[in-house]
Amino acid sequence: MKICILTGAGISAESGIKTFRDTDGRWNEYDVTDVATPEGFYKNPKLVLDFYNHRRKEVADARPNKAHYALAALQHNENFDVTLITQNVDDLHEKAGSKKVLHMHGSLHESICRKCGDITTANEVMQTHDICDDCYHSALRPNIVWFGEFPYHMEVIDDALRSCDIFVAIGTSGTVYPAAGFVKTAKKKARAHTVEINLHPSDNKYMFTETMSGVATEMVPAFVEKLLSGEYDYLKSC
Ligand code: OAD
């Protein structure tokens, strides 16, 4: 069975990583244009680097939760062909043992050179004068996809969406495109069964055929259990 899973900040919330748009979310503390746009970086690179340095430290101390582990176990089950897409820039899926994760919004643990495009492991604390190992220019930035930039892995993701039996969105508010449009592609192009797992209904909740409301650490293992027990076997494509 082919399953396409999209995760958002809500899956890491119980690992102590803040979401963006909940009442205590990051976008209540920071202006998104200051820290998550190329313009913000040109205006105040130190502020932006400090924002991501802080998040990198937070993630280094964080541990995966039951939801991350349940998805990793599903990926390792040979009866399921799982494409795991995340909007998260943390590495909690990998820490839980997920073998392949499509980080469409980049990674906190990588830097990219604005001059030559070289992607490498980010310093724990990135500084404005850091130098690219490849072209020796002082042009490094976090390898994070900012607003107005094109997400990673879109071709692979589109193929997976168009051929999946089940599409699942976990812990995402459905406000940021293109990720918010994945449910529509899976539904229209693959006639997939669509499941939303979320604490609060997302902006595109009407696109989902099934909703599981609650925290990820309870709902995701419950969903995986339903899959393993064969509850969705009738959806299997040939
Ligand atoms: P949001 O902060 O927009 O949404 C988080 C979602 O998680 C909400 O729907 C919450 O109800 C839900 N949630 C919170 N706690 C939860 C829990 N314990 N269990 C299950 N669900 C929970 O985060 P995203 O949708 O991931 O992009 O945000 C998308 C993008 O916007 C991010 O990748 C980031 C941000 O700006 C960039 O920075 C480029």
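The values are calculated or read from the model by the stated rules, or taken from the named source; none is laboratory data. Every value quoted in this text rests on a predicted model; they were computed, and no experiment measured them. A quick note on method: Cβ atoms are made from the backbone with ideal geometry, for glycine too, and the neighbour counts reach across all protein chains shown.
Please find, among ALA36, ALA13, ALA9, the residue that is near the ligand (Cβ under 9 Å from one of its atoms), buried (at least 20 other Cβ atoms within 10 Å of the Cβ) and more than 19 Å from VAL195 (Cβ to Cβ). So that I can check it myself, show each step before the final result.
Working: ALA13 fails: more than 19 Å from VAL195 (Cβ to Cβ); ALA9 fails: more than 19 Å from VAL195 (Cβ to Cβ).
ALA36 is the lone residue from the list that is near the ligand (Cβ under 9 Å from one of its atoms), buried (at least 20 other Cβ atoms within 10 Å of the Cβ) and more than 19 Å from VAL195 (Cβ to Cβ).
In the stretch 159-173, the condition of being surrounded by fewer than 21 Cβ atoms within 10 Å (Cβ to Cβ), more than 23 Å from SER213 (Cα to Cα) and out of contact with any helix residue (DSSP H, G or I) (no Cβ under 9 Å at 6 or more places or on another chain) is met by at least one residue. Candidates in the stretch 102-130 are the residues that are without any contact (Cβ under 8 Å) to a residue 60 or more places away in the chain and aliphatic (A, V, I, L, M); of these, the one that is surrounded by the most Cβ atoms within 10 Å (Cβ to Cβ) is LEU108. Take LEU92 and tell me if it is touching a residue at least 24 places away in the same chain (Cβ under 8 Å), aliphatic (A, V, I, L, M) and either in contact with a strand residue (DSSP E or B) (Cβ under 7 Å, 6 or more places away or on another chain) or surrounded by fewer than 21 Cβ atoms within 10 Å (Cβ to Cβ) (or both). So LEU92 fails the test. Starting from residues that are within 21 Å of the chain's Cα centre (by Cα) and farther than 14 Å from ALA73 by Cβ, keep the ones in the stretch 218-238 and report whichever is nearest to the ligand (Cβ to nearest atom). Per the criteria, the residue is MET219.
Taking (1) out of contact with any strand residue (DSSP E or B) (no Cβ under 8 Å at 6 or more places or on another chain); (2) touching a residue at least 60 places away in the same chain (Cβ under 8 Å); (3) on the phi > 0 side of the Ramachandran plot in turn, GLY171 satisfies each apart from (1).
Within the stretch 133-150, which residues are part of a loop (DSSP other than H, G, I, E, B), away from the ligand (no atom under 16 Å from the Cβ) and either at pLDDT 95 or above or within 12 Å of ARG56 (Cα to Cα) (or both)? Before you say what the answer is, go through the steps one by one.
Going through the stretch 133-150, the residues part of a loop (DSSP other than H, G, I, E, B) turn out to be 133-139, 145-150.
Okay, now just the ones that are also away from the ligand (no atom under 16 Å from the Cβ), so 133-139.
CYS135 - this is the single residue of the stretch 133-150 that is part of a loop (DSSP other than H, G, I, E, B), away from the ligand (no atom under 16 Å from the Cβ) and either at pLDDT 95 or above or within 12 Å of ARG56 (Cα to Cα) (or both).
Of the numbered criteria (1) within 13 Å of the ligand (Cβ to nearest atom); (2) part of a strand (DSSP E or B); (3) hydroxyl-bearing (Ser, Thr, Tyr); (4) over 30 Å from HIS137 (Cβ atoms), the one SER107 fails is (4). Would you confirm whether or not the stretch 64-73 contains a residue that is in contact (Cβ under 8 Å) with a residue 60 or more places away in the chain, surrounded by fewer than 20 Cβ atoms within 10 Å (Cβ to Cβ) and under 18 Å from VAL215 (Cα atoms)? Yes.
Taking the criterion of being of a type in the set (S, T, N, Q) and surrounded by fewer than 18 Cβ atoms within 10 Å (Cβ to Cβ), the residues of the stretch 182-216 that qualify are THR209, THR211, SER213. Checked against the criterion of being surrounded by fewer than 21 Cβ atoms within 10 Å (Cβ to Cβ), within 13 Å of the ligand (Cβ to nearest atom) and more than 19 Å from TYR177 (Cα to Cα), the candidates LYS18, LYS2 yield just one match: LYS18.
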